[in-house]
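The values are calculated or read from the model by the stated rules, or taken from the named source; none is laboratory data. Worth saying up front: this structure is predicted, and the values here are computed from it rather than measured. In this analysis, Cβ positions are derived from the backbone assuming ideal geometry, glycine residues included, and neighbour counts consider all displayed protein chains. Accessible surface areas use protein heavy atoms only, side chains included; no ligands, DNA or RNA. Shrake-Rupley method; radii C 1.70, N 1.55, O 1.52, S 1.80 Å.
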Amino acid sequence: MACANLCTTCVTWYFRPLGSNCILAIRGPMYLDDIGVVAIGRNEGERLIECLESIRSHTSNIVYVDSGSTDGSILAAEKIGAFVVALDLKKPFTAARARNEGFAALKALKPDIRFVQFVDGDCVLVHGWFDMALAFIERRIDTAIVCGRRRERHPTASVYNILCDLEWDTPVGEASACGGDALVRVEAFDAVGGFRPQLIAGEEPELCVRLRESGWKIWRLDAEMTLHDAAMTRFGQWWVRAVRSGHAFSEVSWLHRASPFGIWRRETARTIFWGGLLPATVCLGALIHPAILWGALTYLLQICRIAVARGPTLSTSWKYALFASLAKFAEFQGILKFWWRQWVRQPATLIEYK
């Protein structure tokens, strides 16, 4: 059933196959005061301009957090109309710290803001995302975060871009975590204290663990959200990114090792087995008898297993399987980095691939 006496210039009604309930998605001037955007970046150039332009068509509540750009990003953001936060160069940069400081600036500008969209400066917001996301989160008062489909803008530019695009294709429905682009309920974000600023990677899934522990839910919607430009063209970039993933697996799983909502325990265990234990066993065993080197064929069987599970006739399946197996060695390097820093009590530093 619909509701009468509503101005059609202020609201839009969406109907879903969920009984007779209707979902209200507010647009126009009414929702501009409800939502703000925090974009983060460093030396993103034209990509940042495109990012902020895509946001400006939806809301004027824009905060851009810059992490030491030297390419004129700050001036470009100010020209577009964003409020700019330049991070203190004396403190270590992390995406978590940047998002927290951007959120604080947004709250100072708009104390009554109800929702914040976090977005990376190399992403473009897809038209229609806010309508879908706001409609859902307004109806589901137990939901802290909604996210949608992030896609690569140039998936065929390199095999590494294809791998990123496959990685972004997460299952639709209630989720355990989100990525860097997500719409967040301010009440929930405030309640858990935001991101852990010292984390160099994995800060979004870690935030989701604490939110779920507090009774909030995370949802992945069947909707287009952002277009991302990985601009990854070299093997070395891909390897460093995988090292960072391994570091995140280990650190976040260790932080929440006692939590029933903890994540990445299996990923960490698999990485230790495939990236460390198995190759060490094969190499050391070969010193006893050369025939043990045949154990390396286990990796070939693993590649075939992954590719068949994803669809053996798809060329992307074999690319994904090959690099997913190879990534275990880089991820194991990241795990070793984390534990070494724990051992020597050394603070983590950024692992950057761009």
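List of remarks:
- Within the range 60-109, being in contact with a Leu (Cβ under 8 Å, 6 or more places away or on another chain) and of a type in the set (Ser, Thr, Tyr) holds for SER60, TYR64, SER67, SER73, THR94.
- THR313, sole failed condition from (1) in contact with a Phe, Trp or Tyr (Cβ under 8 Å, 6 or more places away or on another chain); (2) outside any helix (DSSP H, G or I): (1)
- Strands (runs of 3 or more DSSP E) lying entirely in the range 150-234 (those with 1 or more residues that are modelled with pLDDT under 95, of a type in the set (A, V, I, L, M) and buried (at least 20 other Cβ atoms within 10 Å of the Cβ)): none
- Single residue of the range 108-127 satisfying the filter (of a type in the set (Val, Ile, Thr) and within 18 Å of the chain's Cα centre (by Cα)) that is nearest to GLY148 (Cα to Cα): VAL126
- The residue list ARG345, ARG341 contains one member that is open to solvent by less than 80 Å² (accessible area, probe 1.4 Å), out of contact with any helix residue (DSSP H, G or I) (no Cβ under 6 Å at 6 or more places or on another chain) and basic (Lys, Arg), which is ARG341.
- Applying the set (1) more than 17 Å from VAL116 (Cα to Cα); (2) in a loop (DSSP other than H, G, I, E, B); (3) hydrophobic (A, V, I, L, M, F, W, C) to ALA242 leaves exactly one unmet item: (2).
- Residue in the range 87-101 that is most open to solvent (accessible area, probe 1.4 Å), counting only those that are more than 10 Å from ILE200 (Cα to Cα) and part of a helix (DSSP H, G or I): GLU101
- Subset tally (residues that are in contact with a Phe, Trp or Tyr (Cβ under 8 Å, 6 or more places away or on another chain), under 30 Å from LEU322 (Cα atoms) and basic (Lys, Arg)) for the range 117-168: 3
- Within the range 92-104, residues that are modelled with pLDDT under 95 and acidic (Asp, Glu) have Cβ atoms under 8 Å from residues that are open to solvent by 30 Å² or more (accessible area, probe 1.4 Å) and in a helix (DSSP H, G or I) in no pair, counting only partners at least 6 apart in sequence or on another chain.
- Each residue in the range 307-321 was checked for being aliphatic (A, V, I, L, M) and either in contact with a strand residue (DSSP E or B) (Cβ under 6 Å, 6 or more places away or on another chain) or surrounded by 17 or more Cβ atoms within 10 Å (Cβ to Cβ) (or both), and 2 pass.
- Looking across the range 245-281, the residues that are closer than 24 Å to LEU211 by Cα, assigned to a helix (DSSP H, G or I) and small (Gly, Ala, Ser) come down to SER245, GLY246, ALA248, SER250, SER253.
- Among the residues of the range 127-145, none qualifies, meaning not one is touching a Pro at 6+ places or on another chain (Cβ under 6 Å) and among the hydrophobic types (A, V, I, L, M, F, W, C).
- Being free of Cβ contacts under 8 Å to residues at least 40 places away in the same chain, within 21 Å of LEU336 (Cβ to Cβ) and either surrounded by 21 or more Cβ atoms within 10 Å (Cβ to Cβ) or out of contact with any strand residue (DSSP E or B) (no Cβ under 6 Å at 6 or more places or on another chain) (or both) is true of ALA280.
- Within the range 200-253, the residues that satisfy the criterion of being more than 14 Å from the chain's Cα centre (by Cα) and at positive phi are GLY215, ALA231.
- Assessment of the range 123-136 against the conditions (open to solvent by 20 Å² or more (accessible area, probe 1.4 Å), touching a helix residue (DSSP H, G or I) at 6+ places or on another chain (Cβ under 6 Å) and of a type in the set (A, V, I, L, M)) yields at least one matching residue.
- The condition (being assigned to a loop (DSSP other than H, G, I, E, B) and in contact with a Lys or Arg (Cβ under 6 Å, 6 or more places away or on another chain)) is satisfied by just one residue among SER60, SER69: SER69.
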